[in-house]
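The values are calculated or read from the model by the stated rules, or taken from the named source; none is laboratory data. Only a predicted model underlies this, so the values are computations on that prediction, with no experimental measurement involved. Heads up, the Cβs are rebuilt from the backbone with ideal geometry, glycines too, and the neighbour counts pull from every protein chain shown.
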Amino acid sequence: MRVYIPTTLPGLAEAYKAGELGPVPLDAFAVTPSLREWYVSDDIEELEYAALNRAAQAALRLLALHPDVARRRVVLAVDVADTEVRYDPDRSLDPSALGEVRLDKAVPLSKAAAVHVDADEAEPDVTAAAGALGAADAGDDDAQFVVDGAEDHELLWYATQEIPNLIG
């Protein structure tokens, strides 16, 4: 199963140094039954893109919690056995939890298929979005507009061999 793990550039550097993603449990996103139902598509590529975008939103939340790190969303796409993924169908009733899964074991970085990272030019919008998250969560429409601005930026795809250049 392909899962998308949100992180930050320092988190990616730690995973690279350790050779694995952790500590556990790891929150991630995948094509779950609730995501399929919400997205109403049978196209697996579209569904995986939706799961990637959910992970990018979670990466933005990580940036909001860590104002001292580079303002670029990072998502690792990893392939794990279905048995390594926990999915809570009751939690999936919450629209904010669509596609949410949990991994209870550290994931070797060798299972990563790709890394998705914001381009440099996305940093001002991602910075503003991270700063506006709290107000957006409280219902401020203007703040939500700022948060949505980060989603206008597509994450770039990088091969895992490029991780040293990303964290360098």
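When the criteria are applied in full, Val69 meets the requirement of being aliphatic (A, V, I, L, M), part of a loop (DSSP other than H, G, I, E, B) and farther than 20 Å from Pro33 by Cβ.
Go through the range 81-120 and give me each residue that's among the hydroxyl-bearing types (Ser, Thr, Tyr) and over 18 Å from Glu14 (Cα atoms). Break it down stepwise before answering.
Step one: list which residues in the range 81-120 are among the hydroxyl-bearing types (Ser, Thr, Tyr), which gives 83, 87, 92, 96, 110.
Correct list: Thr83, Tyr87, Ser92, Ser96.
Restricting attention to the range 1-41 and to residues that are without any contact (Cβ under 8 Å) to a residue 60 or more places away in the chain and among the charged types (D, E, K, R), the residue that is nearest to Leu62 (Cα to Cα) turns out to be Glu14.
Conditions (1) of a type outside the set (Lys, Arg); (2) closer than 30 Å to Val24 by Cβ; (3) without any contact (Cβ under 8 Å) to a residue 12 or more places away in the chain; (4) touching a Leu at 6+ places or on another chain (Cβ under 9 Å), marked per residue:
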| site | (1), (2), (3), (4) |
| --- | --- |
| Arg102 | no, yes, no, yes |
| Lys105 | no, yes, no, yes |
| Leu109 | yes, yes, no, yes |
| Gly131 | yes, yes, no, no |
| Gly139 | yes, no, yes, no |
| Val147 | yes, yes, no, yes |
| Leu155 | yes, yes, no, yes |
| Ile163 | yes, yes, no, yes |
| Ile167 | yes, yes, no, yes |
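Residue-by-condition table, conditions (1) surrounded by 22 or more Cβ atoms within 10 Å (Cβ to Cβ); (2) of a type in the set (A, V, I, L, M, F, W, C); (3) in contact with a helix residue (DSSP H, G or I) (Cβ under 6 Å, 6 or more places away or on another chain):
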{"site": "Ile5", "(1), (2), (3)": "yes, yes, no"}
{"site": "Glu45", "(1), (2), (3)": "no, no, no"}
{"site": "Ala59", "(1), (2), (3)": "yes, yes, no"}
{"site": "Arg73", "(1), (2), (3)": "yes, no, yes"}
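Determine, yes or no, whether Leu63 is surrounded by 15 or more Cβ atoms within 10 Å (Cβ to Cβ) and either of a type in the set (Ser, Thr, Tyr) or at pLDDT below 95 (or both). Criteria not met by Leu63. The one condition from (1) acidic (Asp, Glu); (2) farther than 19 Å from Ile167 by Cβ; (3) touching a helix residue (DSSP H, G or I) at 6+ places or on another chain (Cβ under 9 Å) that Asp82 does not meet is (3). Scanning the range 12-31 for residues that are over 20 Å from Ala159 (Cα atoms) and assigned to a strand (DSSP E or B) gives Leu26, Asp27.
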